[in-house]
Amino acid sequence: MASVHESLYFNPMMTNGVVHANVFGIKDWVTPYKIAVLVLLNEMSRTGEGAVSLMERRRLNQLLLPLLQGPDITLSKLYKLIEESCPQLANSVQIRIKLMAEGELKDMEQFFDDLSDSFSGTEPEVHKTSVVGLFLRHMILAYSKLSFSQVFKLYTALQQYFQNGEKKTVEDADMELTSRDEGERKMEKEELDVSVREEEVSCSGPLSQKQAEFFLSQQASLLKNDETKALTPASLQKELNNLLKFNPDFAEAHYLSYLNNLRVQDVFSSTHSLLHYFDRLILTGAESKSNGEEGYGRSLRYAALNLAALHCRFGHYWLYVLGQKRSDSYVLLEHSVKKAVHFGLPYLASLGIQSLVQQRAFAGKTANKLMDALKDSDLLHWKHSLSELIDISIAQKTAIWRLYGRSTMALQQAQMLLSMNSLEAVNAGVQQNNTESFAVALCHLAELHAEQGCFAAASEVLKHLKERFPPNSQHAQLWMLCDQKIQFDRAMNDGKYHLADSLVTGITALNSIEGVYRKAVVLQAQNQMSEAHKLLQKLLVHCQKLKNTEMVISVLLSVAELYWRSSSPTIALPMLLQALALSKEYRLQYLASETVLNLAFAQLILGIPEQALSLLHMAIEPILADGAILDKGRAMFLVAKCQVASAASYDQPKKAEALEAAIENLNEAKNYFAKVDCKERIRDVVYFQARLYHTLGKTQERNRCAMLFRQLHQELPSHGVPLINHL
């Protein structure tokens with residue numbers, strides 16, 4: 001189910017998308033890159049309106065803001081960006097910089113003297129208070145404060161900057177000329193882009209205040225909304241370390257480092273960075289001034305809140321108060337929602353409702369009450385345009401319907417979320433919604449398709465997940481677990497237990513409880529009953545302590561299967577009744593239907609097929625409506641077995657009719673099993689069909705089923721388990 005804890009984090013850098021950084025002592029200064037940008041601005045002002053088209057002028061204006069606010073880049077990269085917007089202007093800028101770099105120091109001096117003319121006259125070319133005007137004034141002021149030795153060093157750096165750019169441009173031209181085909185050329189350009197980014201990182205010095213603000217704001221926004229476009233964890237940490245090297249007390253850089261470490265699940269480094277952030281925040285004295293006599297209390301409270309959220313994120317439930325007692329957490333959440341509504345805080349109110357609905361779902365509340373609560377929160381979302389919470393709400397609905405066994409409704413909600421967010425690639429200026437809720441919905445979609453035997457469609461969804469959430473992203477574990485579970489189920493269906501066993505390690509690394517359960521399933525399939533029983537008993541006790549009801553029911557069903565496969569169906573009955581009681585109490589309809597299916601099988605083994613058939617009529621409708629293809633096949637196979645067992649006491653005409661009906665149900669079961677490529681169960685079905693055809697005297701049909709059984713029996717391993725004891 002989609003987690004809402006991430007939205008509880010106090011993010012001091014983001015307020016309506018604006019970063020609030022406090023860079024102590026870092027001011028604007030002149031660099032060779034900024035001189036190149038100044039040349040671009042000067043050329044733009046000198047170029048007449050007729051020389052540059054309206055579209056080119058618009059592209060240049062869009063380019064200016066990232067150039068002014070972003071970090072320094074190489075000259076070759078700058079040329080490339082200008083050329084993409086206006087090739088004519090790129091040539092003029094290149095000539096102008098070349099004349100300055102290959103000339104004398106007085107050329108640079110004259111250039112800065114001429115910059116002041118931009119503000120002169122009754123209609124100046126640049127307004128002093130505009131973004132470009134402020135940048136020009138900062139550069140002129142910073143240059144005027146330089147000593148002669150500093151001016152000389154700046155000019156030397158400009159010459160070196162120009163020479164490196166020229167060298168890079170020549171290398172680029174040679175690389176394009178030596179390309180043999182379009183495929184190679186594309187690959188080489190991609191490699192070149194990577195090397196340019198690495199060069200930019202290596203040549204970048206300390207950032208100015210505005211550059212630092214822009215960098216932190218951009219990366220924080222990308223980490224939240226579109227992590228694929230953010231720097232990789234290693235590259236981002238390298239940039240942050242470089243920033244902190246020049247200013248160790250830069251608090252917001254520590255917070256971004258905390259968010260970056262969360263991406264790679266590094267609990268030690270994330271805790272370290274979070275504590276450093278609040279230590280530096282208190283050092284500024286801003287918090288104590290704003291809180292009067294309260295002193296540092298507000299910062300310390302936020303520190304405790306973020307630390308609690310951090311421990312919650314890593315599953316350290318004993319270290320945050322909401323996980324100590326479930327009843328207390330309900331009261332606290334309800335109180336927080338009321339307070340948020342009272343103070344007019346729609347975001348927090350809706351977030352509280354989402355969390356409360358999630359807990360109520362695990363407590364077994366009815367779906368209609370939960371959906372009513374989510375409907376009320378949706379009204380807040382649409383009223384206040386809280387798009388992030390709209391996505392979370394739809395993902396919650398998807399998970400709730402899946403929890404209650406309504407796969408059709410879950411599929412509808414997942415498709416609704418996808419229809420709100422395009423799956424296609426978007427322009428560089430538009431961000432995709434690569435949030436946790438979107439990843440959760442896509443994972444549900446992949447699993448739902450896999451359950452229906454649509455493995456090609458599930459693979460396409462997983463492929464898109466891998467592209468949208470790379471392995472180093474913070475939500476990648478969602479699709480990794482989903483992918484491993486689907487592969488495991490396919491291997492089990494195909495009878496490849498050794499392959500399924502190899503996947504258990506990866507599942508355990510992502511979800512320990514799920515991994516232990518799947519290990520027990522493999523052991524059971526390999527007929528290692530005692531080892532499977534020990535593992536399931538330990539898991540049952542653990543899940544009962546955690547109140548993981550879903551897993552408790554699944555473990556009880558697996559233990560019951562162990563008993564009847566060991567010819568002890570009477571011992572299995574209490575387990576099944578306990579599982580049924582839990583399913584009913586927590587309104588887990590699908591698990592309840594599966595439990596009834598197992599109860600009917602137990603009654604068949606005990607020799608009362610008529611009662612088993614009456615039980616099946618209760619359970620088969622939800623399974624056929626919302627169940628997985630495999631479960632549909634199991635249900636129809638069981639119906640056929642019960643029909644055959646009940647027909648033993650019938651007279652010959654009625655018995656033949658019952659056996660014909662059983663064969664039809666077996667054909668339907670075989671079609672279901674074929675969709676998920678479950679050869680082991682297909683083998684059981686054709687064996688049963690061959691016996692029935694033999695009883696009915698249909699030799700040709702019997703021989704066809706017998707031949708198919710022989711082929712499958714030679715292909716698949718047999719563990720000596722009687723067919724009647726396998727559901």
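How would you classify the stretch 634-693 from its alpha-carbon gyration tensor, with a ≥ b ≥ c the square roots of the eigenvalues: rounded for a/c under 1.5, else prolate if a/b is greater than b/c, otherwise oblate? Taking the square roots of the gyration eigenvalues as a ≥ b ≥ c, the stretch 634-693 is prolate. The residue 610 and residue 246 beta-carbon pair, evaluated with R₀ = 56 Å, returns a calculated FRET efficiency of approximately 0.10.
How would you classify the stretch 521-617 from its alpha-carbon gyration tensor, with a ≥ b ≥ c the square roots of the eigenvalues: rounded for a/c under 1.5, else prolate if a/b is greater than b/c, otherwise oblate? Oblate shape, in that a/c is at least 1.5 and b/c is the bigger or equal ratio.
Quick check for me: using +1 on Lys/Arg Cβ and -1 on Asp/Glu Cβ, what's the dipole size of the stretch 569-685 about its Cα centre, in debye to the nearest 20?
Charge dipole, the stretch 569-685, about its Cα centre: 200 debye, nearest 20.
Rounded if a/c is under 1.5, else prolate if a/b beats b/c, else oblate: with a ≥ b ≥ c from the C-alpha gyration tensor eigenvalues square-rooted, which is the stretch 548-604? It is prolate, given that a/c is not under 1.5 and a/b is the larger ratio.
Between residue 578 and residue 305, the simple label model (points 7 Å from Cα in the Cβ direction) yields a spacing of 4.3 nm. In the structure shown, do any of 632/679; 229/463; 98/245; 397/545 have a Cα-Cα gap over 23 Å, and if so which? Long pairs (Cα-Cα over 23 Å): 98/245; 397/545. Using a simple spin-label model with points 7 Å from Cα along the Cα→Cβ vector, what separation in nm is obtained for residue 502 and residue 45? It is 6.8 nm. Solvent exposure of the stretch 593-727 amounts to 46 Å² per residue of accessible area, where only protein heavy atoms count and the probe is 1.4 Å.
Available extension along the chain between residue 713 and residue 691 is 6.4 nm, counting 0.36 nm per residue and deducting the alpha carbon span.
Applying 1/(1 + (r/R0)^6) with r as the Cβ-Cβ distance of residue 379 and residue 269 and R0 = 51 angstrom yields a FRET efficiency of 0.80.
Over its Cα atoms, what ratio of radius of gyration to 2.2 N^0.38 Å does the stretch 459-584 give?
For the stretch 459-584, the normalised Cα radius of gyration is 1.17.
Taking the Cα centre of the stretch 408-537 as reference, the dipole from Cβ charges on Lys and Arg (+1) and Asp and Glu (-1) amounts to some 200 debye. Within the accessible surface of the stretch 617-727, defined with a 1.4 Å probe on protein heavy atoms only, the carbon and sulfur portion equals 52 percent.
Computed from point charges on the beta carbon alone (+1 for Lys and Arg, -1 for Asp and Glu), the dipole magnitude for the stretch 46-92 about its Cα centre is near 40 Debye. Shown is the FRET efficiency for residue 151 and residue 238, computed with R0 = 45 Å from the Cβ-Cβ distance and rounded to the nearest 0.05: 0.90.
With the simple model of a label 7 Å out from the Cα in the direction of the Cβ, residue 128 to residue 618 spans 8.6 nm. Extension gain for the segment residue 109 to residue 457, taken as residue separation times 0.36 nm less the Cα-Cα distance, is 118.8 nm to one decimal. For the stretch 501-559 versus the stretch 469-486, the inter-centroid distance based on Cα atoms is 21 Å.
If the chain between residue 416 and residue 704 were fully stretched, how many nm would it gain, using 0.36 nm times the residue separation less the Cα-Cα distance?
Details: separation 288, 0.36 × 288 = 103.68 nm, distance 4.65 nm.
Gain on extension, residue 416 to residue 704, equals 99.0 nm.
The values are calculated or read from the model by the stated rules, or taken from the named source; none is laboratory data. On a predicted model such as this, the values are computed, not experimentally measured, just so you know. Cβ coordinates were reconstructed from backbone atoms using ideal geometry, including for glycine residues, and neighbour counts include every protein chain displayed. The accessibility values were calculated without ligands, DNA or RNA, using every heavy atom of the protein model including side chains. Shrake-Rupley method; radii C 1.70, N 1.55, O 1.52, S 1.80 Å.
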